[in-house]
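What follows is a single structure, written as structure tokens, with notes after it.
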Amino acid sequence: NQATEAGRFRASLTAGLAKANFVEGLDTPILAYNGTSPGPLIEAFEGDRVEIDFDNAIPGEESTIHWHGMPVPADQDGNPMDPVAAGAKRVYAFDLPADSAGPYWYHPHPHGKTAEQVYRGLAGVFLVKPKTDPVPAAYSDTVLFFTDLRLGEDGAMPESSMVDLMNGRVGDHVLVNGQKSPTLAVGLGTKRRFRLFNATNARFLRLSFGNAAMTVIGSDGGLLEAPVTVDEVLLAPAERVELVVAFDKPGVVQLATLDYDRGWMGPGRPDDAGLTLLTVNVSETPAEPAPPLPQKLRSIAARGTSAVRRRFVFTEKMGMGAGGMEMGFFINDAAFDMNRVDVVAKAGETELWEIVNKADMDHPFHVHGTQFQVIENERDGKVTPAPHRAWKDTVNVARGETVRLLLKQERPGLRMYHCHILEHEQLGMMGVVDVR
Ligand code: C2O
Ligand code: CU
Ligand code: CU
């Protein structure tokens with residue numbers, strides 16, 4: 001139920017209750033878009049006018065659809081200030097500008113309910129495709145959408161515990177496109193394009209394809225200028241990366257996790273070394289020879305300099321209060337208030353944002369409505385410039401680290417910025433910029 005016709009893309013999404021079968025003989029109540037989780041893969045083209053009918057069929061809960069990373073007008077971006085009541089409908093409409101191709105995603109953003117609606121199953125991929133793609137079509141475009149899941153004995157998802165709220169909820173099973181550890185068969189010499197999405201609430205994914213050569217070709221906001229060869233990638237919650245992987249030896253290749261210490265509070269630190277997320281069986285039979293990857297993928301203009309410099313400091317507070325364990329997550333000492341504007345910015349003006357993590361955990365920083373360029377990070381007084389230019393909407397700020405980025409909001413309206421560990425966002429680590 002989606003189609004582009006003469007530059008007009010139409011689709012409809014209904015959020016509501018559904019059932020999944022993760023365990024033989026047990027039903028798991030989930031939330032789903034159009035009955036499926038992850039939600040339908042949306043594919044539109046640069047230049048399209050997009051219209052999406054949204055029907056909130058979640059009993060008793062407001063919801064919204066937020067177009068994570070996409071350059072949409074503020075009043076179409078599913079902000080918590082624009083809820084769609086239970087049983088209500090609305091249309092989200094926006095234009096996809098030139099040069100906006102990229103791996104985006106969509107998820108709800110209602111006040112105080114985002115974390116739960118997402119872990120219960122509401123999230124999906126929104127690919128914006130270019131009119132002409134420099135990546136050879138022979139590399140077949142493959143989405144890997146990571147979510148995670150915790151199930152109780154009865155098959156239902158238990159409520160979040162204190163440890164979940166503190167660290168963000170990390171599930172016991174990682175799913176890829178809704179499945180546990182899927183497999184793929186390819187011919188010898190295959191080159192494949194993978195688009196990886198970390199749609200978990202709070203899990204950091206440090207990933208490697210073993211001895212298959214991995215090349216990064218894109219980030220949150222689309223292609224890089226040139227391919228970059230890597231051994232591994234770290235995907236913080238909400239980040240995306242695009243890879244080309246070459247399968248040059250027959251046998252089994254696994255996409256697996258490596259351990260990453262993101263600063264864990266309390267018991268139950270997940271042990272993520274050696275989880276297999278995807279198995280690729282490479283046959284002895286050679287694949288059709290594929291053209292090489294072009295050395296130039298795209299141009300990204302430098303964001304230039306900025307007259308405005310802002311500083312955002314992330315802190316946490318944990319302690320025993322009158323009612324037991326209390327915790328708070330703050331940006332510049334304030335917890336989120338929907339009725340407060342934290343920053344006023346001018347549309348079209350480049351700003352330098354400095355995100356300082358003075359907390360004991362990593363916090364992935366995200367801002368709505370635009371893509372930014374990271375210029376450098378600083379740790380223990382040592383400044384490291386970004387290795388290459390890339391469009392990002394989410395960047396991990398490790399504990400003790402400062403990340404500097406150049407950002408420009410083109411369109412007026414209210415925009416959220418927050419930690420994308422969704423439990424932290426919910427507990428206050430979010431602010432509002434009013435772009436005028
Ligand atoms: Cu994925 Cu406020 O966003
Ligand atoms: Cu967002
Ligand atoms: Cu956080």
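Of the strands (runs of 3 or more DSSP E) lying entirely inside the range 330-436, those containing at least 1 residues that are over 23 Å from R262 (Cβ atoms) are 343-345, 350-357, 373-379, 382-385, 401-408, 413-419, 430-435. Of the residues making up the range 167-186, not a single one is within 16 Å of ligand 1 (Cβ to nearest atom), part of a strand (DSSP E or B) and on the phi < 0 side of the Ramachandran plot. With respect to the conditions (1) within 15 Å of ligand 2 (Cβ to nearest atom); (2) closer than 23 Å to V143 by Cβ, A74 lacks only one, and its number is (2). Residues that are under 24 Å from H109 (Cα atoms) and surrounded by fewer than 24 Cβ atoms within 10 Å (Cβ to Cβ) are absent from the range 180-190 altogether. Within the option set F94, F54, F22, being crowded, with 16+ Cβ neighbours inside 10 Å and modelled with pLDDT under 95 holds for one residue only, F22.
The set of residues in the range 99-126 being more than 16 Å from ligand 1 (Cβ to nearest atom) and either hydrophobic (A, V, I, L, M, F, W, C) or over 23 Å from H368 (Cα atoms) (or both) consists of A101 alone. Taking residues in the range 164-177 that are closer than 13 Å to R120 by Cα, and partners anywhere that are aliphatic (A, V, I, L, M) and assigned to a loop (DSSP other than H, G, I, E, B), the pairs with Cβ atoms closer than 8 Å and at least 6 places apart or on different chains are R169/A202; V170/A202.
Among the residues making up the range 69-99, those that are outside any loop (DSSP other than H, G, I, E, B) and out of contact with any Ser or Thr (no Cβ under 8 Å at 6 or more places or on another chain) are A74, D75, Q76, K89, R90, V91, Y92, A93, F94, D95. On inspection, D393 does not qualify as away from ligand 2 (no atom under 16 Å from the Cβ), outside the structural domain of I217 (by TED's automatic domain parsing) and among the acidic types (D, E). Tell me whether the range 316-325 contains one or more residues that are outside any strand (DSSP E or B), surrounded by fewer than 17 Cβ atoms within 10 Å (Cβ to Cβ) and without any contact (Cβ under 8 Å) to a residue 12 or more places away in the chain. Yes, there is a match, as at least one residue in the range 316-325 is outside any strand (DSSP E or B), surrounded by fewer than 17 Cβ atoms within 10 Å (Cβ to Cβ) and without any contact (Cβ under 8 Å) to a residue 12 or more places away in the chain. Could you check how many residues of the range 124-162 are of a type outside the set (A, V, I, L, M, F, W, C) and over 30 Å from D95 (Cβ atoms)? Number of matching residues: 10. When the range 342-399 is limited to residues that are on the phi > 0 side of the Ramachandran plot and touching a residue at least 40 places away in the same chain (Cβ under 8 Å), the one that is farthest from ligand 3 (Cβ to nearest atom) turns out to be G348. Taken over the range 286-317, the residue count meeting the criterion of being more than 30 Å from D99 (Cβ to Cβ) and either of a type in the set (V, I, T) or at pLDDT below 85 (or both) is 2.
The values are calculated or read from the model by the stated rules, or taken from the named source; none is laboratory data. Source: prediction; values computed, not measured. In this analysis, Cβ positions are derived from the backbone assuming ideal geometry, glycine residues included, and neighbour counts consider all displayed protein chains.
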